[in-house]
Amino acid sequence: MTYPTMHKLLSALFSVAGLGVFTITPVLANELMPASATDSPVAAEAVADQLAQAGDTIVDIAAGNSAFSTLVTAVQAADLVDVLSGEGPFTVFAPTNDAFAALPTEVLEALLLPENQDLLTDVLAYHVVPDIVTSDSLVSPGEIETLNGPVRVRSSADEVIVNDANVVLADVEASNGIIHAIDTVLIPAGLVDALTARMAEAEMAEVSETPVVEEAVVTPAPTPTTAPATTAPTVSEPVQGLW
């Protein structure tokens, strides 16, 4: 992946972090009943009840609904299954598959790598409140303290917004807490910078490990030289008759 491409991907991640808002079509409720049936509070409550019947703990409920399959994959990659299956209580702002799909593909893939498990844990912890927080108990405007810092909350009679994420289905009860489905992944402060540095380091390491093929230097063979011809010495014959 080239630096310009990485820059574009991380710019998109900055948008998720709060410098812009992805528009996501809520589909969680539609997967469980027709869209027209979810227009009333009574119908929405029925959807939440139906989800709750799909399992027991927060992890059971998420694993039992296809709209949370990416979240379940992330929880497994971060080794948080036992934690979120524990006694709790927890409130989980659960991003749907569409919320994760709004992230640049390479960014999501990077977060799921074993070497980035700490960053993935930071992201998921930013979605978990160590207490029960129902939609009707929210103070608006206000803040809720998650396991990785506070999130902003705004609510009205017909909507709840956490940072820049809309709650598309509220108050799904589990044996160890409650789930609020949201349409945008919450990005904690500092995550963008940390992931940028990690991705740049990984790219540099990949470049440095690429073998360099050197051109062979051909040395010309020495030109043979011809030794100069030698003349044999002349031996003088003695003059006859002088002795």
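The values are calculated or read from the model by the stated rules, or taken from the named source; none is laboratory data. Here the structure is a predicted model, which is why all the values come from computation and not from measurement. Because the Cβ atoms are built from the backbone with ideal geometry, glycine has one as well, and the counts that use them run over all protein chains shown. For accessibility, only protein heavy atoms count, side chains too; no ligands or nucleic acids. Shrake-Rupley method; radii C 1.70, N 1.55, O 1.52, S 1.80 Å.
For this structure, a couple of remarks:
- The residues listed here are 44, 67; of these, the one that is crowded, with 17+ Cβ neighbours inside 10 Å, small (Gly, Ala, Ser), at pLDDT below 90 and outside any strand (DSSP E or B) is 44.
- With respect to the conditions (1) in contact with a Phe, Trp or Tyr (Cβ under 8 Å, 6 or more places away or on another chain); (2) within 28 Å of residue 200 (Cβ to Cβ); (3) at pLDDT 95 or above; (4) not charged (D, E, K, R), residue 163 falls short on a single one, namely (1).
- Flag if residue 118 is under 21 Å from residue 169 (Cβ atoms) and either without any contact (Cβ under 8 Å) to a residue 12 or more places away in the chain or not basic (Lys, Arg) (or both): no
- Taking the listed residues 99, 157, 110, the one that is closer than 17 Å to residue 62 by Cβ and either touching a residue at least 24 places away in the same chain (Cβ under 8 Å) or out of contact with any Phe, Trp or Tyr (no Cβ under 8 Å at 6 or more places or on another chain) (or both) is 99, with no other qualifying.
- Residue 50 modelled with pLDDT under 95 and open to solvent by 30 Å² or more (accessible area, probe 1.4 Å): yes
- Filtering segment 127-146 for residues that are touching a strand residue (DSSP E or B) at 6+ places or on another chain (Cβ under 7 Å), on the phi < 0 side of the Ramachandran plot, without any contact (Cβ under 8 Å) to a residue 12 or more places away in the chain and assigned to a loop (DSSP other than H, G, I, E, B) leaves an empty set.
- Within segment 71-81, one or more residues are assigned to a loop (DSSP other than H, G, I, E, B), open to solvent by less than 70 Å² (accessible area, probe 1.4 Å) and either within 25 Å of residue 134 (Cβ to Cβ) or in contact with a helix residue (DSSP H, G or I) (Cβ under 7 Å, 6 or more places away or on another chain) (or both).
- Scanning segment 95-123 for residues that are among the hydrophobic types (A, V, I, L, M, F, W, C), within 11 Å of the chain's Cα centre (by Cα) and assigned to a helix (DSSP H, G or I) returns 100, 101, 107, 108, 110, 111, 119, 120, 123.
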